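The next block holds one structure in the form of structure tokens; read it before the comments.
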Amino acid sequence: MIQHLQDTITLNNGLQMPGMGLGVFQVENDTTAEIVKNSIEVGYRSIDTAAIYGNEAGVGEGIRRALASTDLQRTDLFITSKVWNDNLSYEETIAAYEESLEKLGLDYIDLYLIHWPGKNKYAESWKALEDLYEQGKIKAIGVCNFTIAHLQDLLTFARVIPVINQVEFHPRLQQTELQAFCQEHHIQLEAWAPLMQGGLMDNETIASIAEKHGKTIAQIILRWDIQQGVITIPKSVRIERMRENAAIFDFTLSDEEMDILNKMNEEHRVGPNPNDFDFAL
């Protein structure tokens, strides 16, 4: 379990990835640069973006500004992006990676993910990711929103095991069977929408735990993630919220409190179900 904001988790290929980062989903490109710069100056080292977010250029500009204003080097940062569903042939995936790299203005991407499995659309794309990885153009490769069935299928032909499965994960959607499968196969689980897109901010059960610790509901949920060994990437656009989200390393949830949160699962999604949504464009 990580103990500080910049602590890392070792992925199955030996790469070190920060256990907590910043997500920039639904952040406008023209505001992304300042947000990313601020987050790095606050202490975040992991930034998660995607081609479909339309803000990779802003992320890259924010990185350049942060490196200019600090003593940090590019190697101190961990940058994730993702290939979208209209680019899942082999050639399209290669081109999409190169386009993301150009927009980010980087020499390499630390982690590159298939954004959604679609309807059996990922085999060629995964081969492309494997080739990019083996050529040293990506430090690690993984997937998003893959169910157990998707992962089982992928593992029948993959030369490289995914390092990450990034999925919707929060107290109302705990995906315990998927989490166990990923642990068994040394695939790190990463949470998107860890705060259920704000849907838990008035939850009385979590509020009572937060009051006991002198913390916010968001801090309790993020601490719950960390204590389970799940990488988390909450979205924040304000410095104050970035600092607040990161202030979760000075307390510990008890076994009883963890159990209370663990019993909140309702298999409730705020995003699409990967089993019946293929994002065909």
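Given Cα pairs under 8 Å that are at least 6 residues apart, what percent is the relative contact order of the chain?
19
Enumerate lysine pairs in the chain that are 8 or more residues apart or on different chains, then count those whose Cα atoms are under 15 Å apart.
7
At 20 °C and 1.002 mPa s, grab the translational diffusion coefficient of region 1-106 from Stokes-Einstein with a Kirkwood Rh over Cα pairs, rounded to a whole number in µm² per second.
D = 150 µm²/s.
Order of 125, 81 from fewest to most other C-beta atoms within 10 Å?
125, 81
Loop only by DSSP, 15 or fewer other Cβ within 10 Å of the Cβ. Give me the chymotrypsin sites (Phe, Trp or Tyr not before Pro) in region 20-109 that pass, ordered by residue number.
The qualifying sites are 25, 108.
With each run of n ≥ 4 DSSP H residues scored as -39500 (n - 2.57), what mean residue ellipticity at 222 nm is computed for the chain after dividing by its residue count and rounding to the nearest 500 deg cm²/dmol?
-11500 deg cm²/dmol
Rounded, prolate or oblate: pick one for region 142-238, where a ≥ b ≥ c are the square roots of the eigenvalues of its C-alpha gyration tensor, a/c under 1.5 means rounded, and failing that, prolate if a/b is larger than b/c, else oblate.
Prolate.
Please report, in whole Å, how far the alpha carbons of region 217-263 spread along each principal axis, starting with the longest.
Over region 217-263, Cα extents along the principal axes are 32, 18, 16 Å.
What Rg and what Dmax come out for region 8-262 when only alpha-carbon atoms are used, in angstroms?
Answer for region 8-262, Rg first and Dmax second: 17.8, 54 Å.
How big is the charge dipole of the chain about its Cα centre, in debye rounded to the nearest 20, if each Lys and Arg gets +1 on its Cβ and each Asp and Glu gets -1 on its Cβ?
320
Taking loop as defined by DSSP and a crowding limit of 13 other beta carbons within 10 Å, which trypsin sites (Lys or Arg not before Pro) in region 191-281 fit?
Counting only loop positions with at most 13 other Cβ atoms within 10 Å, the trypsin sites (Lys or Arg not before Pro) in region 191-281 are 238, 263.
Placing +1 on the Cβ of each Lys and Arg and -1 on the Cβ of each Asp and Glu in the chain, which of 89, 18, 132 has its Cα farthest towards the positive end of the resulting dipole?
Of the candidates, 18 comes out farthest on the positive side.
With just the Cα atoms defining each centre, how far is region 206-281 from region 102-143? Give it in Å.
The distance from the Cα centre of region 206-281 to that of region 102-143 comes to 27 Å.
Specify the longest stretch of the chain that does not include any exposed loop site, a site being one of the GluC sites (Glu not before Pro) with a non-H, G, I, E, B DSSP assignment and at most 14 other Cβ atoms within 10 Å.
29-265
Each reported figure results from applying straightforward, stated rules to the coordinates on display, with no laboratory input. Remember, predicted model here, so these are calculated numbers, not experimental data. As a convention, Cβ positions derive from the backbone with ideal geometry for all residues, glycine included, and neighbour counts pool all protein chains shown.
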